[in-house]
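Report on the structure given below.
Values quoted throughout were computed directly from the atomic coordinates according to the rules given, and no laboratory measurement underlies them. Since we're looking at a predicted model, the values are computed, not measured. Neighbour counts run over all protein chains shown; Cβ positions are idealised from the backbone, glycine included.
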Amino acid sequence: MNALQIICGAMGYFRKLPFLPKKILLALYRLIADGEPVDKAALALRAGVNEAEVSNVLDSLPPSNIVFDQNGRITGYRGLSLLPSRHRLLSKSVQLYAWCAFDCLFLPELLGQSMEVHSTCPGTGEEIYLLLEPGRVEKVFPETVFVSFVTPQLNDYQDDLRGNFCCHVNFFSSEKAGLDWTQAHGGSVIVGLEGRCCRTSS
């Protein structure tokens, strides 16, 4: 498994959605990427559907997949967020955030735009930088960056997306930093950005 395979896996999930939810949720990603909270009227307009159809799709989502502000506007959906996190994204001069390293890898492909990623290694505290183009990693610093990855049970994944999945999926400044961290926080696969799957911690 490498970075491109991770991206393909995420895109495969999205492409399998029925036409209407896919249309609405892609519009939602794009509106969040504009950098402002999203209300249902704006989402319906962008997707070219009515508000009832938007409500039906949003109501069908697991609660952990979407975040609303106090005014009922959407501030985050399945990995892309306006709320600060460890994974900072910069795209078209708009400051955004990702829920985990996995999100950073598939969002440029999904949105069709380049993104700068600024993150930190949870093991060493080192700064990590990536420049991502749709479908590829253009730049990375340090060169030894790895990603932790887990495959939780589907029900747990849906019940608490960030608690059961995202918190385990991080960038690491080296393979050793990743293995040390995953051994202390539960088993994960350590994945090289442009290489083969390395090892699984116990």
Descending semi-axes in whole angstrom, ellipsoid equivalent of region 10-80, from the Cα gyration tensor:
17, 14, 12
What is the packing order of peptides 25-35, 55-65, 39-49, taking the mean over residues of other C-beta atoms within 10 Å and listing the highest first?
25-35, 39-49, 55-65
Considering the dipole of the chain built from charges on the beta carbon (Lys and Arg +1, Asp and Glu -1) around the Cα centre, which of I190, P21, Q113 is farthest to its positive end?
P21
Computed, not fitted: 222 nm per-residue ellipticity of the chain from DSSP H runs ≥ 4 (each -39500 (n - 2.57)), nearest 500, equal to -11000 deg cm²/dmol
Cβ charges +1 (Lys, Arg) and -1 (Asp, Glu), total dipole of the chain, debye:
380 debye
For region 10-80, what does the relative contact order come out to in percent, with C-alpha contacts under 8 Å and a separation of six or more?
31 percent
Test item: Cα-centred dipole of region 10-80, Lys/Arg +1 and Asp/Glu -1 on Cβ, debye
380 debye
If the only charges are +1 at each Lys and Arg Cβ and -1 at each Asp and Glu Cβ, what is the size of the charge dipole of region 39-96 around the Cα centre, to the nearest 20 debye?
400 debye
Mind scanning K40/K92; K23/K92; K139/K176; K23/K139; K16/K139; K16/K92 and naming the pairs with a C-alpha gap bigger than 26 Å?
K23/K139; K16/K139; K16/K92
Among [x] 18.0; [y] 17.3; [z] 19.0, the entry derived from the coordinates for Kirkwood radius over Cα pairs in Å:
[y]
